[in-house]
Amino acid sequence: MTVWDRPEPPNRPVPLDRERIVAAAIALADEGGLEAVSLRKVAARLNAGPMRLYGYISTKGELFDLMVDEVQAEILPEEQPGDWREALRVLALRTRQTALRHEWLADLLGGRPTLGPNGLAVTEAKLAALDGLADIDTVMRAVETVSAYFTGAIRREIANLRAERATGLSKRDWQRASGAHVTKMLATGRFPALAKAVYDGTDVDAETSFATGLDWVLDAVAARLTRPPA
């Protein structure tokens, strides 16, 4: 029985329910990451005994599932765009925006599908965007491909943000601090393609990089959708 199917116990002197528990856990994670979340800390924030939480949630894994499902409500647009490409773009962009508000979400993206109502609605929206445009296997591979792109891109962006906080160095500061070493290594001539990227390439911000990569992935999906059946 999943956590969504299991009934909640009756309330006691301190009002408690899964909604309050999940809200407290999300607040802790927003402040200190997933490592800041434990049933003991959640109970303390709610002024409840830790053992009471086990009547609502059996494991930390269940708590994480509920947290992910709660913030996935932020991914769903109020109205689904009619164009498949715009629908998938909006879902990807809103996933990035949600992860930037709740950085811990990046650590939980990409695993098994979430089975809560919001998670299922997000999956439904992705599949519905392509419904009727190709056979179901092609639709599933297309959704997997787009999801794999934005999951990886989001994780990279969050990792860079965490590195900035951990080191106290912005991207530019880190580049300057590493410049002498990189220049020396490129001068060996062993890395000509990398040298071309470093000296001639255009550096763009994370938002532009994400949007450009997403457009390229959607171009690839469009090419597959318009390809005649074998």
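The values are calculated or read from the model by the stated rules, or taken from the named source; none is laboratory data. The structure presented is a predicted model; accordingly, all values stated were derived computationally and were not measured. Note that we place each Cβ from the backbone using ideal geometry, even for glycine, and neighbour counts take in every protein chain shown. Keep in mind that these areas ignore ligands, DNA and RNA; they rest on the heavy atoms of the full protein, side chains included. Shrake-Rupley method; radii C 1.70, N 1.55, O 1.52, S 1.80 Å.
Things worth noting here:
- Calculated SAXS-style log₁₀ I(q)/I(0) at q = 0.14 Å⁻¹ - segment 1-115, Debye, Cα scatterers: -0.63
- By a 1.4 Å probe calculation restricted to protein chains, E157 has an accessible surface near 20 Å², given to the nearest 10.
- With θ taken as phi - 60° and the Karplus curve 6.51 cos²θ - 1.76 cosθ + 1.60 applied, the whole-hertz 3J(HN,Hα) list for segment 47-56 is 6, 10, x, x, 5, 5, 5, 5, x, 10 Hz, x standing for glycine and proline.
- With every protein chain in place and a 1.4 angstrom probe, the accessible-area ranking of T167, T202, largest first, reads T202, T167.
- Rounded if a/c under 1.5, otherwise prolate or oblate - segment 1-62, Cα gyration tensor axes: oblate
- Lysines with Cα under 30 Å of K60, excluding same-chain neighbours fewer than 8 positions away: K41, K126
- Ordering V22, S38, G49 by the projection of their Cα atoms onto the charge dipole of segment 12-70, which places +1 on the Cβ of Lys and Arg and -1 on the Cβ of Asp and Glu, puts G49 at the extreme positive end.
- For V139, solvent-accessible area (1.4 Å; no DNA, RNA or ligand), Å²: 10 Å²
- Reported to the nearest whole Å, the Cα centre-to-centre distance from segment 206-222 to segment 156-177 is 24.
- Sequence ranges 144-154, 69-79, ranked by mean other-Cβ count within 10 angstrom, highest first: 144-154, 69-79
- Taking all protein chains into account, the per residue accessible area for the chain stands at 60 Å² (1.4 Å probe).
- Listed residues H102, H181 arranged by accessible area, highest first, probe 1.4 Å: H181, H102
- Protein accessible area in the chain, 1.4 Å probe - carbon and sulfur %: 56 percent
- Shape class for segment 151-230: oblate, because the ratio a/c of the largest to smallest gyration tensor axis (alpha-carbon atoms, square roots of eigenvalues) is 1.5 or more and b/c is at least a/b.
- Segment 94-230 shape via C-alpha gyration tensor axes, a/c threshold 1.5: oblate
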